[in-house]
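A short write-up of the structure that comes next.
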Amino acid sequence: MNIAILGAAGRMGQNLLRCAGKLNGCSIVAAVERPDHSAIGARVKEITGIHSEAVPEKLCFTDYWPEEAEAVIDFTFHTSVVENLENAMANGQAYVLGTTGLTDDEKSAVHAAAAELPIVWAPNMSLGVNLLLELVRRSAAILGPDYDAEIVEMHHRLKKDAPSGTALGLAEALAEGRGVKLQEVACYGREGITGERPRGEIGIHALRGGSVVGDHTVMFVADEERIEITHKANSRDAFATGALRAALWLDGRKPGLYTMRHVLGFETV
Ligand code: NAD
C-alpha cells in the first residue's frame, strides 16, 4: 500500500518511517511537513538515518499534498487536521488519524469526513493499550460503581495536551462499561476542599516529566481490595506499528469511522 506520512519529521513521523519496513506491504511514498520546517527538501534517509526498504533512497521531505498516496497517516497538530481531511476527501484517500487534542469542531469535521472516507481514529494506536481499553470496559461492567475508579497517566515533559487522549479513551471505556455518561461523572484532578468522593466518580490525573513515552494505570478501589491495570509503552514504535497496521487494514474498506477495536478484531465491521 502506498502510504504518506503527515508530520514526517516529528517524533511520531520518524518512528513511522522507521517501522514501515517491519510490516509487509507498506511503501512510503511521501514524507510531508509544514512549509516552514527546516527538513523540507532534504532526503529522508539522510536526515533520519533510516535503513528501510519501505523508504525510497531519493524520498525527500515535502510541503505539498501527497496525491499519489492511497492512505495518509496524520500525526501532526490538531489545528492541521481539518485541512488535511479536506485534502484527503478531494483525493479519495484512506486516513489514519493519530493526532490528539482535537477541539469539538475538529472532532465534528472527522465525523463528517467519515461519510466519504474510511478513517481509523484512535487516541492511542498501540496493541497493548487497545487490549487495556477492552479489559477496562469489561472490568467496569463487572465491578460497578462500588469500586472507585481512578486513572493516572504520565508522559514526557514536551507533551502539549492533558490529560492524554488515551486517558480520556480509558475514561470513556470505563463510563461505557458502567453505562453512564463520562461528562456527568468525570473529575479532572483535585485541589482544595473537595469534599467526599462521590460514588461513581471517575478521577483522571496527568503527570508530566522527563522522557516518559506513555504510562497509563486504571485503578478499581474497594474497601477490601484494589485492582490496578497498567500499560507502559517502551518506545513510540508501539504506536507507529499500530498506525501502519491500521493503514493496511483500511485497504478496500468502505467509508466510515473505525477504531483500533475494528483493526484488532474486537468489533466486527
Ligand atoms: P511532534 O511535534 O514531534 O511532531 C508533529 C510534526 O507535525 C512536527 O514535525 C510538525 O512540524 C508537523 N506538522 C504540523 N502541522 C503540519 C501540517 N499541517 N502538515 C505537515 N506536518 C505538520 O509531535 P509528536 O510527538 O510526533 O505527536 C504528534 C501528534 O500525535 C500529537 O497530537 C500527539 O499527541 C499524537 N500522538 C498520538 C499517538 C497515538 O497513538 N494516537 C501516539 C503518540 C502521539
Give, as a single signed number, the net charge of other residues whose beta carbon lies under 14 Å from the beta carbon of residue 121, with Lys and Arg counted +1 and Asp and Glu -1. -1
Largest first and to the nearest Å, give the Cα extent of the range 199-269 along each principal axis. 50, 33, 17
Let me see the P(r) profile for the range 127-232: every Cα-Cα distance counted, bins of 10 Å, each bin given as a percent of all pairs. 15, 49, 31, 6
From the C-alpha gyration tensor of the chain, square roots of 5λ in Å: 35, 19, 17
Counting other C-beta atoms within 10 Å, and keeping those with at most 12, which DSSP coil trypsin sites (Lys or Arg not before Pro) do you find in the range 80-186? 157, 160, 181
When you count, for each residue, the other Cβ atoms within 10 Å and take the mean per peptide, how do 188-198, 144-154, 65-75 rank with the highest first? 65-75, 144-154, 188-198
Sequence order, the range 114-130: Karplus ³J(HN,Hα) from phi using 6.51 cos²θ - 1.76 cosθ + 1.60, θ = phi - 60°, Hz rounded, Gly and Pro as x, gives 5, 6, 10, 10, x, 10, 9, 10, 8, x, 8, 9, 6, 4, x, 5, 6
Treating each Cα of the range 140-181 as an identical point scatterer and ignoring solvent, apply the Debye formula and state log10 I(q)/I(0) at q = 0.21 Å⁻¹. -0.69
Can you list which of the GluC sites (Glu not before Pro) found in the range 223-269 are DSSP loop residues with at most 12 other C-beta atoms within 10 Å? 224, 225, 267
With a 10 Å cut-off between alpha carbons and a GNM built on the chain, which of 182, 16, 174 moves the most? 182
Calculated FRET efficiency for the pair residue 237/residue 188, C-beta based, R₀ 22 Å, to 0.05: 0.15
Candidate lysines for bridging to residue 181, where Cα separation is under 28 Å - those fewer than 8 sequence places away on the same chain excluded: 107, 159, 160, 232
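All of the numbers you see were taken from the coordinates with simple rules; none came from a lab. Keep in mind it's a predicted model, so treat the numbers as computed, not measured. All Cβ positions, even for glycine, are placed from backbone atoms using ideal geometry, and neighbour counts span all protein chains on display.
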